[in-house]
Structures are given as C-alpha cells and as structure tokens.
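Participant: One structure is given below, represented as structure tokens, and several questions about it will come after.
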Amino acid sequence: MEDKKIIGIDLGGTTVKFAILTEDGEVQQKWSIETNILDEGAHIVPEIIESINHRLSLYEMKPEDFIGIGMGTPGSVDRDKGTVIGAYNLNWKTLQPVREQIEAGTGIPFTLDNDANVAALGERWKGAGENAPDVVFVTLGTGVGGGIIMEGQLLHGVAGCAGEIGHVTVDPHGFECTCGKIGCLETVSSATGVVRVARQLSEEFAGESELKKRLDDGQAITSKDVFVLAEQGDPFALMVVDKVCFYLGLACGNLGNTLNPSSIVLGGGVSAAGEFLRSRVEAYFEQFTFPQVKESTKIKLAQLGNDAGVIGAASLALQAK
C-alpha cells in the first residue's frame, strides 16, 4: 500500500498555487493557475476543482490516494463551516461555501484557514521554525500579517483574530491604519509603511542623500529602494531603516515577553532585505525583552519563500485527518 498524499493550495489575489506532498511534507508536484476574480469571484472555486481533477487524471491518481486538501485563503474564515467571507482582493463579497463545493467537486476531504496562519504553519513545519511547538511568524508584505503556534496548536482566538500582529500598536501618535486604528505596526513596517516612514522623516532630514533627493523630486520609491540605498550607506535611508526596525523590534519584543516562542520568524517581501533587516530588528528586540526571553527567543528569517503557503496548507489536511 503506497503512502497517501496531501494537497496544499495557496489562494492569492493574482495566482492560485498548488502542491502535492508526501505526509512528511516533501513537495512532489507544483503548479499554479491565474486567479479569475471576474463575476464577484464566482469562477475561483470551480477553476480550483477543475485544476485538481485535471492534474489527478494527468498523474493517474484517484481521490482515495489522498488524505485531504488544505487551503490558505484571504478573508474571514469559518473553519467549522468551511466558509470564507470578505476576501476583497478575490472579489468575494458574499459568504462562500468553499469546503462544500471542493469536497463535492473532488471527492477529497477539505479544510481551510487564513493565509497568514497557513504560511506560519509552513515555516514552522519545514522552514525556520524547525518544527518546534512554539513559533511566531510575522509576514511583512503589502500589509503585515502573522500566525502564532503555541504548544503545537495554531491560535485562532474567539473571533479568529489571534495573530493579527500587523495591528499591534507601536506608535499611539502615528499614522491611521486601514483598520481605523492609529499607529498599527502595519502602517510603518509593511512595504507601503516603509515608504510612508521615509516620506515623513524626509521633512526633517537636511543632509546629502540619494533617497531624500528622489523623494524631493517626486520619484516613486519602493521599500526595496530604501533598503538597497541603506545597504549602500545612504545616511537618510539608514535613518528610515532604523526607524522601521525599531517598530518591528518593539512589536517582536512584546510578542516575546507575552508568548516566549523559540523563534519569531520574519517573512514576506520586506524580509528579502535579509540579515541587514534581521540583525537590526534583533538589536531592538533585545532592548525590549527581559533577560530570560532575550536568551531563549530567537529572531529568524523565513526560509520557504513562496512555498510556505502550500506546505502549510497541506499540513492542515494532516491535522484534520
């Protein structure tokens, strides 16, 4: 009897990524399709079903060869009912009975969770978390998301909002967040937040700086530009990076003091700045933690990149079996 497989799906606003994995988390096949958000996202689930069934026939596999399918999705997820609502980048404005449709369409058991939680599961299982029972994952992308795994369990909270690290307050007098609150981590440490910090600080910076020059000229800049210039020694860019890392270090320090995980893993696009970012966040983290936490909780960089979502999603199927 050959070992059964698991399927992981990472549903994003532009692409849907799929993977077939072994029970040990080894990726055997990967593919992706474009996310079709037309007609209020009505095509998304049927196209996922069609893609899975097409691949199974291609590989001569049957539904009974699989333990299950796990999926990470944006929006508010009801794990018990298998539904999603409010995934605006998918055009899903109404309640979507995702599990019911996918189980009916594939004949394989299905489970789902929030995309940031799922990426956290992936990094914890096969990435920087080293499969430890206590891991916090912070994803620094267009926004800031996160996932908290404690004693081997993903924390969801009473309204499914546990791990919303992007909404930790780091500056009570700061920028307004899309959530309506003031001074969220997301407003200063996401890709757009880094640029916002640069614009704000440029008003008081008087020295020579390529970054300052570009901003004053009205050129479009990205968070990547800020980090590249900082690594080249641009004094103003270094000032911006220091401020961003201060906020991140403060949030991570609070997480460390509250949860004491073995690692806080930084992922997402902004984390591509690598050790340059990590070491600075760590320095502030150490400033804001008490000795036992400082010694036992490590700040790490994510290792799985784009695969964290499909790997973590597939692990949901193992937990559900």
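Participant: Angle check, please: helix 115-126 long axis (alpha carbons) against the longest principal axis of the chain (alpha carbons), in degrees 0 to 90, nearest 10.
Facilitator: 90 degrees
Participant: What whole-number distance in Å separates the alpha-carbon centres of region 192-244 and region 30-65?
Facilitator: 43 Å
Participant: Calculate the spin-label point distance for H173 paired with S279, positioning each point 7 Å from the Cα along the beta-carbon direction, and give it in nanometres.
Facilitator: That separation, rounded to one decimal, is 3.3 nm.
Participant: Hey, another quick one. Using the Cβ atoms and a cut-off under 9 Å, what net charge is assigned to the surroundings of I149, where Lys and Arg are +1 and Asp and Glu are -1?
Facilitator: Computed value for this residue: -1.
Participant: Okay, moving on. Which of the trypsin sites (Lys or Arg not before Pro) found in region 54-127 are in a DSSP loop and have at most 13 neighbouring Cβ atoms, other than their own, within 10 Å?
Facilitator: The qualifying sites are K81, K93.
Participant: Just the number, please: percent antiparallel of the DSSP beta bridges in region 4-122, rounded to the nearest 5.
Facilitator: 60 percent
Participant: Where a Cα-Cα gap under 21 Å defines reach, which lysines qualify for K62, not counting those fewer than 8 residues away within the same chain?
Facilitator: Counting by Cα, and skipping residues close in sequence, K62 has these lysines nearby: K4, K5, K17, K30, K321.
Participant: How much accessible surface does H167 have with a 1.4 Å probe, in Å² rounded to 10?
Facilitator: Here the residue's solvent-accessible area equals roughly 60 Å².
Participant: Give me the accessible area of E40, 1.4 Å probe, in Å² rounded to the nearest 10.
Facilitator: 100 Å²
Participant: Using 0.36 nm times the number of residues separating V158 and E100, minus their current alpha carbon distance, what extension gain do you get?
Facilitator: Contour length minus Cα-Cα distance gives 18.5 nm.
Participant: Please compute the contact order of region 176-321 in relative form: average sequence separation of alpha-carbon pairs under 8 Å and at least six residues apart, divided by the residue count, as a percent.
Facilitator: The normalised contact order for region 176-321 reaches 20 percent.
Participant: Output the 0 to 90 degree angle, nearest 10, between the alpha-carbon long axis of helix 191-202 and the longest principal axis computed from the alpha carbons of the chain.
Facilitator: 10 degrees
Participant: Work out the charge dipole of the chain with +1 on the Cβ of Lys and Arg and -1 on the Cβ of Asp and Glu about the Cα centre, then indicate which of I311, A159, G105 is farthest towards its positive end.
Facilitator: Projecting each Cα onto the dipole axis, the largest value belongs to A159.
Participant: Kindly provide the GluC sites (Glu not before Pro) of region 140-182 that DSSP labels as loop, not H, G, I, E or B, and whose Cβ sees at most 16 other Cβ atoms within 10 Å.
Facilitator: Sites meeting the loop and neighbour criteria: E151.
Participant: Name the shape class, rounded, prolate or oblate, that the alpha-carbon gyration tensor gives for region 225-321, where a ≥ b ≥ c are the square roots of its eigenvalues, rounded holds for a/c under 1.5, and otherwise prolate holds if a/b is larger than b/c and oblate otherwise.
Facilitator: Oblate is the answer for region 225-321, as a/c is 1.5 or above yet b/c matches or exceeds a/b.
Participant: While we're here: Hey, any idea what % of the chain's accessible area is carbon plus sulfur with a 1.4 Å probe?
Facilitator: So the carbon and sulfur contribution to the accessible surface is 49 percent.
Participant: Now a separate question. List the lysines whose Cα lies under 27 Å from the Cα of K181, skipping any in the same chain that are fewer than 8 positions away.
Facilitator: K93, K224, K243
Participant: At what distance in nm do the modelled label points of E231 and M61 sit from each other, each positioned 7 Å from its Cα along Cα→Cβ?
Facilitator: So the two model labels end up 3.7 nm from each other.
Participant: Okay, moving on. Tell me the label-point distance for the pair D78, E47, using the 7 Å Cα-to-Cβ offset, in nm and rounded to one decimal.
Facilitator: Simple spin-label model gives 2.6 nm for this pair.
Participant: May I pose another question? Would you please give the FRET efficiency between E23 and K294, computed as 1/(1 + (r/R0)^6) with r the Cβ-Cβ distance and R0 = 35 Å, to the nearest 0.05?
Facilitator: That gives a FRET efficiency of 0.40.
Participant: Starting from the Cα gyration tensor of region 54-155, take the square roots of the eigenvalues, sort them a ≥ b ≥ c, and report rounded, prolate or oblate (rounded when a/c is under 1.5, otherwise prolate if a/b is larger than b/c, else oblate).
Facilitator: oblate
Participant: Here is a follow-up. Starting from 0.36 nm per residue, how many nanometres of slack lie between T14 and Q219 once their C-alpha separation is accounted for?
Facilitator: Extending this stretch completely gives an extra 71.1 nm.
Participant: May I pose another question? Using a 1.4 Å probe on the protein heavy atoms only, what accessible surface does W92 show? Give it in Å² to the nearest 10.
Facilitator: Its accessible surface works out to 0 Å², give or take rounding.
Participant: Need the full-extension length gain, S262 to N131, defined as separation in residues times 0.36 nm minus the C-alpha distance. One decimal, nm.
Facilitator: In short, 46.1 nm is gained.
Participant: Placing +1 at every Lys and Arg Cβ and -1 at every Asp and Glu Cβ, with all other atoms neutral, what dipole size does the chain have around its Cα centre, in debye to the nearest 20?
Facilitator: About 260 debye.
Participant: Find the accessible area per residue for the chain; the probe is 1.4 Å, ligands and nucleic acids are left out, and the unit is Å².
Facilitator: Per-residue accessible area for the chain comes out at 46 Å².
Participant: Evaluate the charge dipole of region 41-121 about its Cα centre and quote only its size in Debye, nearest 20, assuming +1 on the Cβ of each Lys and Arg and -1 on the Cβ of each Asp and Glu.
Facilitator: Result for region 41-121 is approximately 200 debye, rounded to the nearest 20.
Participant: Still on this structure, I have one more. May I ask what percent, to the nearest 5, of DSSP beta bridges between residues of the chain are antiparallel?
Facilitator: That works out to approximately 60 percent antiparallel.
The values are calculated or read from the model by the stated rules, or taken from the named source; none is laboratory data. Bear in mind that the values here come from a model prediction, so they are computed numbers and not experimental data. Reconstructed Cβ throughout: ideal geometry from the backbone, glycine too, with neighbour counts over all protein chains shown. Note: areas computed on protein heavy atoms with side chains; ligands, DNA, RNA excluded. Shrake-Rupley method; radii C 1.70, N 1.55, O 1.52, S 1.80 Å.
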